[in-house]
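Remarks on the structure that follows.
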Amino acid sequence: MKILVIRFSSIGDIVLTTPVVRCLKLQLANAKIHFATKKQYAEIVTANPHIDKVYYLENSISDLIQMLKAEQYDYVIDLHNNQRSFLLKWKLGVPSFSFDKLNWQKWLMVNLKINQLPSSSIVERYVATTSRLSLHNDHEGLDYFIATKDIINIEELPTSHRHGFVAWVIGAKQNTKKFPLQKIVSTLKLMSNTPIVLFGGPEDKIDGQTIMSTLPNHPIYNAAGKYSLAQSASLLQKASVVVTNDTGLMHIAAALKKPIISIWGNTIPEFGMFPYYGKHEVPQLVIQIADLKCRPCSKIGYKNCPEGHFDCMNKVEEEQIADTILKMFASKI
């Protein structure tokens, strides 16, 4: 049996699909699992032993369709469910199963603040998409596999960080998902001797440098923009505690079974994107201002707060975050 799984983006969503490919591979006899995504996410899928072959959407959907037709799939599992994936399914002409994105329920929550969303993780809904193949969720959580070439030696870190550190993910795709820079600094001032590693992409490197220069005597290592995604995951694996916005590295941290303190701005965990551990008991805390009338203002995010006040982040108390970090860190070192 040959099965194609589709999820074109993003980092977090692709990590959240890993229980599906694992269950397909391990629960269906002699199954060959192929995965269609974008080239920029190759690091996530190529090291996954449950995926036999990867196809990339690069130039056009037509080029991808021509390559996929030659495979003669038995089934297509569409976990993206957009116009391009619909066209792909139609052209392949084989039985397919499509993920319900709950767009109407999300619209109700964002625009009218009427909550018709399920209480389950999006992972449960991804796996449920395959129920007609008699698959069940094994509750083993998310997967993230790191190739040997991407493993970071702990000796690359300062001596102060080699026996445990707090990973702080400072980046996010949208600004309204980011905990403000000045509030990160204020929080770190309350935990001056705790070793910190800052995580993020190349676009977050300057913010990391700003944090370091503002707190020159604090043991901070700026890894933002220094490593590839897979290398960042390797470094994240060495963390004692992870503090993060609602972003892709949060889901990678969950896949690595790291204790997580997640800080939520304009988005909400009720969308189903909270850290998912399956049956594994791992300490975590969700920090959010839950009683704001304007929240959630979007299912994705904005460059700037539409209301101008950014209360969803500005009202978060630094003392709560610092106290939780210190307690979690002390239990892990």
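For this structure, a couple of remarks:
- The stretch 141-168: number of residues that are within 20 Å of Met250 (Cα to Cα) and in contact with a Pro (Cβ under 6 Å, 6 or more places away or on another chain): 1
- Condition met for Tyr55 (modelled with pLDDT of 95 or more, surrounded by 15 or more Cβ atoms within 10 Å (Cβ to Cβ), more than 24 Å from Gly272 (Cβ to Cβ) and in contact with a His (Cβ under 7 Å, 6 or more places away or on another chain)): yes
- Being basic (Lys, Arg), in the same structural domain as Ala233 (by TED's automatic domain parsing) and surrounded by fewer than 20 Cβ atoms within 10 Å (Cβ to Cβ) holds for only one residue in Lys173, Lys113, Lys178, and it is Lys173.
- Within the stretch 23-43, being in a helix (DSSP H, G or I) and either under 20 Å from the mean Cα position of the chain (by Cα) or crowded, with 20+ Cβ neighbours inside 10 Å (or both) holds for Cys23, Leu24, Lys39, Gln40, Tyr41, Ala42, Glu43.
- Among the residues making up the stretch 58-77, a single one is at pLDDT below 95 and hydrophobic (A, V, I, L, M, F, W, C): Ile61.
- Of the set (1) surrounded by fewer than 18 Cβ atoms within 10 Å (Cβ to Cβ); (2) of a type outside the set (A, V, I, L, M, F, W, C); (3) out of contact with any Pro (no Cβ under 8 Å at 6 or more places or on another chain); (4) modelled with pLDDT of 95 or more, all apply to Lys226 but (1).
- Taking the stretch 44-158 and the helices (runs of 4 or more DSSP H) fully enclosed by it, the elements with 3 or more residues that are without any contact (Cβ under 8 Å) to a residue 40 or more places away in the chain are at 61-69, 83-92, 103-107.
- Only one entry in Val20, Val15 is within 19 Å of the chain's Cα centre (by Cα), under 24 Å from Lys173 (Cα atoms), outside any loop (DSSP other than H, G, I, E, B) and in contact (Cβ under 8 Å) with a residue 40 or more places away in the chain, namely Val15.
- Residue check, Lys257 at positive phi, of a type outside the set (Phe, Trp, Tyr) and touching a Phe, Trp or Tyr at 6+ places or on another chain (Cβ under 9 Å): yes
- For the criterion of being surrounded by fewer than 17 Cβ atoms within 10 Å (Cβ to Cβ) and either at pLDDT 95 or above or among the charged types (D, E, K, R) (or both), Arg132 passes.
The values are calculated or read from the model by the stated rules, or taken from the named source; none is laboratory data. Note that this is a predicted model, so its numbers are computed, not measured. We place every Cβ from the backbone using ideal geometry, glycine too, and count neighbours over all the protein chains shown.
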